[in-house]
Amino acid sequence: MDLRVVRMRLEENEERLSPFAARSKHAKRRIAEEPAQVRTAYQRDRDRILHTKAFRRLKHKTQVFIAPQQDHFVTRMTHTLEVAQVARTIARALNLNEDLTEAAALGHDIGHGPFGHAGEEALAECLPEGFRHNYQSVRVLDVLEGGGKGLNLTLDVLDAIEKSSKAREDIFAEGWGVPNTLEGQVVKTADAIAYVNHDIGDAVRAGLLTERDLPDAAQSELGRTSSERLNALITDLVEASWGATGEMDAGPAVIRFSPRIDAVANELREFMFQRVYFYDLTRAEAERAKRVVIYLFRHFVAQPGRISLDYSIASDPVERRAADYVSGMTDRYALRVARELGCEDAVGFGI
Ligand code: MG
């Protein structure tokens with residue numbers, strides 16, 4: 001039996017998607033490949049991302065709270081899975097390509113270094129060209145994984161990952177560009193919907209705030225529990241973005257909240273910046289984590305022979321190789337290596 005009929009049927013099913021949806025049969029790769037038998041191009045990308053070692057390491061990388069000892073704090077991996085779920089719900093509701101959103105969501109944070117944004121800031125100070133996790137996610141998937149050859153993902157998936165980051169001032173601000181596909185725009189928004197909510201949960205768990213501290217508008221318009229807020233944000237986004245379905249007279253094909261919920265969501269996100277992300281206590285620990293990353297970076301620049309060839313490209317400049325290696329580390333691996341090297345800042349974390 002020629003199993004290619006399965007993929008062709010899946011591609012045919014995509015003809016029923018919105019006229020604005022991405023279609024896997026048109027997806028391009030840097031290097032052309034024979035299509036898979038039973039999966040579309042986007043499904044194949046999703047599987048390639050899921051099976052990387054970089055994906056597995058997300059379970060021991062910080063989301064917001066650094067190296068938490070307690071099991072219920074969100075890690076980069078659980079964050080990633082929540083983003084994928086929110087994005088798929090929205091994509092399916094709007095009749096967009098769910099497989100593309102899933103692939104991009106699973107890969108969007110794969111380039112995050114240890115200790116979350118503290119690690120990112122540290123590496124940005126170390127490298128002359130700077131360091132951004134969204135660009136590093138693309139680099140991990142397109143260059144470093146697959147034994148230094150990259151995974152040859154579709155350009156749509158790489159574009160959605162590169163442009164998944166958001167500027168502080170607004171969820172929909174153009175920082176790092178607007179994704180070319182509506183599916184990429186869904187992932188970008190799903191990321192904010194997911195993290196604002198689970199970070200509230202973690203901040204409550206850490207004793208930094210209670211749900212009653214949240215802005216009044218967020219409590220009255222989005223609800224008082226995580227599930228109410230998620231539901232309110234997702235349903236508002238689906239309704240306000242209905243034009244993306246391509247149904248007659250439904251408005252322009254853009255992904256957006258209604259003006260009212262947009263204001264409430266951005267106020268809530270800014271509240272989180274002030275009360276949690278830049279809070280002094282978490283900030284003091286973040287500064288210490290930054291020093292650990294800088295220590296490791298300098299160590300490997302001085303001793304390039306100790307950089308694993310599995311996580312860097314031998315012909316790259318030594319700073320780039322050290323950044324690739326250190327940014328691939330989990331929180332606990334980074335702390336272990338730093339402690340073994342005698343870095344005092346690495347002592348005293350929970351793990
Ligand atoms: Mg994210």
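Worth pointing out:
- Restricting the calculation to Cα atoms, every distinct pair contributes to the Kirkwood radius of the range 96-154, found to be 12.3 Å.
- Only helices enter the 222 nm calculation for the chain: every DSSP H run of n ≥ 4 contributes -39,500 (n - 2.57), and dividing by all residues gives -16500 deg cm²/dmol, rounded to 500.
- GNM on the chain, alpha-carbon springs under 10 angstrom: the most fluctuating residue among Val318, Val293, Val186 is Val318.
- Computed 3J(HN,Hα) for the range 97-109, one whole-Hz value per residue from the Karplus formula 6.51 cos²θ - 1.76 cosθ + 1.60 where θ = phi - 60°, is 7, 5, 5, 5, 5, 5, 4, 5, 5, 5, x, 5, 10, glycine and proline marked x.
- In this structure, Asp213 and Thr78 have a Cβ-Cβ separation that, at R0 = 35 Å, corresponds to a calculated FRET efficiency of about 0.90.
- The smallest convex shape that holds all Cα atoms of the range 175-331, its convex hull, gives 154 Å³ per residue.
- Span from the the range 39-86 Cα centroid across to the the range 122-193 one, whole angstrom: 15 Å
- Other residues within the sphere of radius under 13 Å centred on the Cβ of Phe65, judged by their own Cβ, net out at -1 (K and R +1, D and E -1).
- For Thr75, no residue whose modelled amide H falls within less than 5 Å of its own remains once neighbours fewer than 5 places apart on the same chain are excluded.
- Label-reachable residues, the range 200-238, where backbone N falls under 20 Å from a point 7 Å from Arg92's Cα toward its Cβ: 227-238
- Rg to Rh quotient for the chain, alpha carbon positions, Kirkwood Rh: 0.98
- Taking label positions 7 Å along the Cα-Cβ direction at both Glu239 and Lys59, the computed distance is 4.0 nm, reported to one decimal.
- Highest-MSF residue in the chain out of Gly243, Gly207, Gly223 [GNM, Cα springs under 10 Å]: Gly207
- In terms of its C-alpha gyration tensor, the range 271-337 has a prolate overall shape, because the principal axis ratio a/c (a ≥ b ≥ c, square roots of the eigenvalues) is not below 1.5 and a/b outweighs b/c.
- Close amide H contacts of Ser241 (hydrogens built in the peptide plane, cut-off under 5 Å, sequence separation of 5 or more or a different chain): Arg256.
- When you restrict to C-alpha pairs under 8 Å that are six or more residues apart and normalise by the size of the range 1-55, the relative contact order lands at 42 percent.
- Whole-Hz Karplus values for the range 260-272 come out as 5, 6, 4, 5, 5, 5, 5, 5, 5, 5, 5, 4, 5 Hz, taken residue by residue from phi with 6.51 cos²θ - 1.76 cosθ + 1.60 and θ = phi - 60°; glycine and proline positions read x.
- Per DSSP, loop GluC sites (Glu not before Pro) in the range 146-229 with at most 16 further Cβ within 10 Å: Glu169, Glu174
- For the range 11-77, the convex hull drawn through the C-alpha positions has a volume of 164 cubic angstrom per residue.
- Karplus-derived 3J(HN,Hα), 6.51/-1.76/1.60, for each residue of the range 301-310, Hz, glycine and proline x: 5, 6, 10, x, x, 9, 7, 5, 6, 6
- Candidates Thr225, Thr52, Thr154: whichever shows maximal mean-square fluctuation once the chain is modelled as a Gaussian network with Cα springs under 10 Å: Thr225
- Over the range 73-200, the ratio between the Cα radius of gyration and 2.2 N^0.38 Å evaluates to 1.01.
- The range 11-124 - convex hull of the alpha-carbon atoms, volume per residue in Å³: 135 Å³
- Taking every lysine pair in the chain that is 8 or more places apart or spans two chains, those with Cα atoms closer than 18 Å amount to 7.
Rule-based calculations on the coordinates, nothing more; no lab input. What you are looking at is a predicted structure, and each value in this text was computed from that prediction instead of being measured. With ideal geometry, Cβ positions are generated from the backbone for all residues, glycine too; neighbour counts draw on all protein chains shown.
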